[in-house]
Amino acid sequence: MTETQSNFGKEAVREHFSASTGCYEREAGVQRRTARRLAASLEPWKLTLPSGPVLELGAGTGFYSRELAALFPGRTLDVTDLSPEMIRACKASVSPEADNVTFRVLDAEEWEPPAGRYALVTGNFVAQWFSEPAYTLERYLHALKPGGLLLMAFPGHESFPEWRSACREVGIPWTGNPMPVTEELVIKLSMGPARVDYYEDSDTTRYQGSLEFFRHLKRIGASASRSGKQLTPSQFWRLITHWDRKSGPEISITYHLIFLAVKRDL
């Protein structure tokens, strides 16, 4: 990706998510469910973490932030997001009076985290928005204290098989954003002073037709294209006409979910 493409994509992501703030809490079902699962997966790790603050990347409106605040009431919790509107909504939903929680606008790909500062760096449904997920997550691995944990959940490269299949059948390009490839992340992160564990699963949601699915992506801000590539109106209508004819009154959309835990060596 060129610098121009990267900047265009970043601004598009920021603008789309900022515009979706008002309806994100209501619409983002898979993100909410995954936040709960990610928080539950923290339970076995809680007592093994060193002392120190917790950093959340890509907080959105606070699905996962609220879970973290409940899990770590005695720790400093640094909650961040690329969108100022999302951070304002998150602050309003996560006990804004709590003196151990800070909120700030942060570009996780541009910011250089201080080495050895955090006991936990974590994020729900954010790594797929990084232009170079493996490189970015490796940088945050070095922000951990010895014994600290990098814990992320995100959709992987096998997400949206139904959408991809419909595009192939019509003979048009798939224009969704590329998702992280699990093997690439594991190999990259295993080269550092760390032990890598991961778990793969799926989450399937049904929509009243393909057009409703694309409208849903727009409502939650996830329709932003990092490359700027889009179908022509003719291609788009060919796609949804074929997809709906093939699937009937409802379509299924499957997310390939990755739960990644990287424990920094002592």
- Answer with a single label: of (i) 56, 41, 36; (ii) 52, 51, 35; (iii) 42, 39, 36, which was calculated as Cα extents along the principal axes in Å from the structure in view? (i)
- Message: Tell me the accessible surface of MET191 in square angstrom (1.4 angstrom probe, heavy atoms of protein chains only), to the nearest ten.
- Response: 150 Å²
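Using a 1.4 Å probe over the heavy atoms of the protein chains, calculate the carbon and sulfur portion of the accessible area of the range 107-256 as a whole percent. Don't skip to the end; give the middle numbers.
Details: 3560 of 6840 Å².
In the range 107-256, the share of accessible area belonging to carbon and sulfur is 52 percent.
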- Item | Fluctuation leader among GLU27, GLU183, GLU15 - the chain, Gaussian network, Cα springs under 10 angstrom | GLU183
- Over the range 66-140, what is the mean sequence separation of C-alpha contacts under 8 Å (at least six apart), divided by residue count, expressed as relative contact order in percent? 29 percent
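Regarding the range 1-150, what's the average projected area of the Cα-atom convex hull, expressed in nm²? Can you show the working numbers first?
Values: hull surface 34.2 nm².
For the range 1-150, averaging the hull's shadow over all directions gives 8.5 nm².
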- Note on the structure: Using alpha carbon centers only, the range 122-185 is separated from the range 21-64 by a whole-angstrom value of 16 Å
- Message: Using the Karplus curve 6.51 cos²θ - 1.76 cosθ + 1.60 with θ = phi - 60°, what ³J(HN,Hα) values do you get for each residue of the range 74-88, in whole Hz, with x for Gly and Pro?
- Response: x, 10, 5, 10, 9, 9, 9, 7, 5, 9, x, 5, 4, 5, 5
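What value, in deg cm²/dmol to 500, does the helix sum -39500 (n - 2.57) over DSSP H runs of n ≥ 4 give at 222 nm once divided by the residues of the chain?
On the way: 10 runs with 110 residues, N = 266.
After summing the helix terms and dividing by residue count, I get -12500 deg cm²/dmol.
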- Amide H contacts under 5 Å for HIS157, placed H, 5+ residues apart: THR182
- Can you spot the aspartates and glutamates whose alpha carbon is less than 16 Å from LYS246's alpha carbon? Ignore those fewer than 8 places along the same chain. GLU162, GLU169, GLU212
- State, as an integer percentage, the relative contact order of the range 83-212 based on alpha-carbon contacts under 8 Å between residues 6 or more apart. 21 percent
- Message: Could you tell me the extents of the range 209-266's C-alpha atoms along the three principal axes, largest first, rounded to whole Å?
- Response: 56, 28, 18
- lysines whose Cα lies under 27 Å from that of LYS91, excluding same-chain neighbours fewer than 8 positions away: LYS10, LYS46, LYS145, LYS218
- Item | Relative contact order (%) - the range 1-140, alpha-carbon pairs under 8 angstrom, separation at least six | 28 percent
- the range 92-245: Cα Rg divided by the 2.2 N^0.38 Å rule of thumb: 1.26
- Sorted largest first, the C-alpha extents of the range 44-124 along its principal axes in whole angstrom are 34, 28, 21
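The values are calculated or read from the model by the stated rules, or taken from the named source; none is laboratory data. Values in this document were obtained by computation on a predicted structure and should not be read as measured data. For the accessible areas, the whole protein counts, side chains as well, though only heavy atoms, and no ligand, DNA or RNA atoms are used. Shrake-Rupley method; radii C 1.70, N 1.55, O 1.52, S 1.80 Å.
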